[in-house]
Amino acid sequence: MPTNMKNVIADAFFQMVKEKGIDKVTVKDLVETCHISRQTFYYHFQDIMDVLEWSARRGLQVALERSLHEETPDRVIRGFVAAAMDNHDVIRKLLRSQKREYIEKIFVDSLQIYLMELIRSKAPDLPLRYEDAEIALQFCAYGLAGVLLDHCGREDADPDKIADQILRLLQGKLVPMLETTESQTPGCE
């Protein structure tokens, strides 16, 4: 059975990040750990950040596949939050990186792709215009990323409570959405 070298490199990368953080992982380290040549590494990836981006997308693809088998939004959200909490050590180390801003962008972009695919599969007939769907996905991706990145690894973090709050927020039950009419809008009399 042929080996998927991208997976081998990504798995080694993930383990090294867990052990020493991303700033100390080098191509040389990965090449030695995987027993491959530099040429093989560069055949599959451009650099360390490319490995990170590919790994994030792979992880979210696995999360998406699990989510598609869940029957309720509640279970989807709970599974997603639990997966983030389970990987809190790696997430925390990534956030302590000198490349934090880029890492956050990868995380948000991956979440946006995850949400888009989840909506396409679970709610293909959602009555939203394209530009509205785009801003809604951005809003949700940034919000989820912020909440997950902030709560990952906290001693007092309760994944079930966080999932419940996210679900209620998405359903408009956590913060009542204000209905405004023209007469209530400032400047309209």
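Just going by the charge dipole of the chain, with Lys and Arg at +1 and Asp and Glu at -1 on Cβ, which of GLY146, VAL25, MET116 is farthest out on the positive end?
Of the listed residues, the answer is VAL25.
For a quick check of your reading of the filter: which chymotrypsin sites (Phe, Trp or Tyr not before Pro) in segment 61-108 sit in a DSSP loop and have no more than 12 other Cβ atoms within 10 Å?
Values: sites: PHE80, TYR102, PHE107; in loops: none.
Answer by residue number: there is no such site.
Within segment 11-75, list the GluC sites (Glu not before Pro) lying in a DSSP loop whose Cβ has at most 15 other Cβ atoms in a 10 Å radius. Can you show the working numbers first?
Details: sites: GLU19, GLU32, GLU53, GLU65, GLU70, GLU71; in loops: GLU70, GLU71.
Those that pass, being in a loop and sparsely packed, are GLU71.
Where is the GNM fluctuation largest for the chain (alpha-carbon springs, 10 angstrom cutoff): TYR142, TYR114, TYR42?
Sorting by GNM fluctuation, first place goes to TYR42.
Which value in nm describes the separation of the simple spin-label points at MET116 and THR33, placed 7 Å from the Cα toward the beta carbon?
My value for the distance between the label points is 3.0 nm.
Just one of (1) 1, 8, 18, 23, 23, 17, 8, 2, 0; (2) 1, 7, 13, 17, 17, 14, 11, 8, 5, 3, 1, 1, 1, 0, 0; (3) 1, 6, 10, 11, 10, 9, 8, 6, 4, 3, 3, 3, 3, 3, 3, 3, 3, 3, 2, 2, 1, 1, 0, 0, 0, 0 is P(r) over Cα pairs in 5 Å bins from 0, in percent as worked out from the coordinates here. Which one is it?
Working out P(r) over Cα pairs in 5 Å bins from 0, in percent from the coordinates points to (2).
For segment 1-103, evaluate the Debye formula with one uniform point scatterer on each Cα (no solvent term) and list log10 I(q)/I(0) at q = 0.10, 0.20, 0.21, 0.23 Å⁻¹, rounded to two decimals.
Normalising to I(0) and taking log10 leaves -0.32, -1.04, -1.10, -1.22.
May I ask for the net charge around ARG154, where only other residues with Cβ less than 12 Å from the Cβ of ARG154 are counted and Lys, Arg are +1 while Asp, Glu are -1?
Values: positive: ARG92, LYS161; negative: ASP150, GLU155, ASP156, ASP158.
Surrounding charge for ARG154 is -2.
What is the gain in length, in nm to one decimal, between GLU155 and ASP23 on full extension, counting 0.36 nm per residue of separation less the C-alpha to C-alpha distance? Spell out each step's value before the answer.
Working: separation 132, 0.36 × 132 = 47.52 nm, distance 2.49 nm.
Result for the pair: 45.0 nm of gain on full extension.
Using +1 at the Cβ of each Lys and Arg and -1 at the Cβ of each Asp and Glu in the chain, identify which of HIS88, ILE77, LEU128 lies farthest towards the dipole's positive end.
HIS88
Determine, from the Cβ-Cβ distance of ASN7 and ASP125 and an R0 of 41 Å, the FRET efficiency 1/(1 + (r/R0)^6), rounded to the nearest 0.05.
On the way: r = 35 Å, r/R0 = 0.86.
Once rounded, the FRET efficiency stands at 0.70.
Measure out, as a whole number of angstrom, how far apart the alpha-carbon centroids of segment 7-33 and segment 34-62 sit.
10
If R₀ is 35 angstrom, what is the calculated FRET efficiency for the pair ASP47 and GLU71, using the beta carbon separation as r and rounding to 0.05?
On the way: r = 41 Å, r/R0 = 1.16.
About 0.30, to the nearest 0.05.
Each value in this text was obtained by applying a stated rule to the coordinates, not by laboratory testing. This is a predicted model, so every value here is computed, not measured. So basically every Cβ, Gly included, is an ideal-geometry build from the backbone, and we count neighbours across all protein chains shown.
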